[in-house]
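The values are calculated or read from the model by the stated rules, or taken from the named source; none is laboratory data. Note that the coordinates shown come from a computational prediction; the quantities given were computed from them, not determined experimentally. Virtual Cβ from ideal backbone geometry, glycine too; neighbours counted across all protein chains shown. Please note that ligands, DNA and RNA were not included when accessible areas were found on the heavy atoms of the full protein model with its side chains. Shrake-Rupley method; radii C 1.70, N 1.55, O 1.52, S 1.80 Å.
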Amino acid sequence: MSRKDLTLIEKMSILDKIKAQPHNSLRELEKLIDTSKSVLNRLKNNEIAIREQYEKLNDNKSAPVNRKRKREGKDPEVDKAMNEWFSAVTERGVRISGPMLEQKAEFFAQKIGHSDFKATEGWIL
């Protein structure tokens, strides 16, 4: 496996392979899975968090599980309101644009009382 960042699905696949080979050494696993010992160690040490993140994203059908990084929003209340609104409007087939997301996020922030919230293009990504 190359030295690129692993997606969550790739991490889960490696963890499942490790679990299927409980008696193998790291050196044997390194050859079997075709990845480095440092990657194996890091995944094993973070297994609980990785599996929890996967389950959480898997429960949320609109969240991509093939992402490489977990990104936290800067305002959980606005994020929750946005997720609910986004699900509701996309179920009806409404197309959403970046500026529309920014405007709606700022609307929810104001409604919640978070006047210091500023939706930026980076916030959307």
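All of Leu57, Leu6 fail the test of being open to solvent by less than 50 Å² (accessible area, probe 1.4 Å), modelled with pLDDT under 85, touching a Leu at 6+ places or on another chain (Cβ under 9 Å) and not in a helix (DSSP H, G or I), apart from Leu6. Checked against (1) within 26 Å of Thr7 (Cα to Cα); (2) at pLDDT 80 or above, Met100 passes all but a single condition, namely (1).
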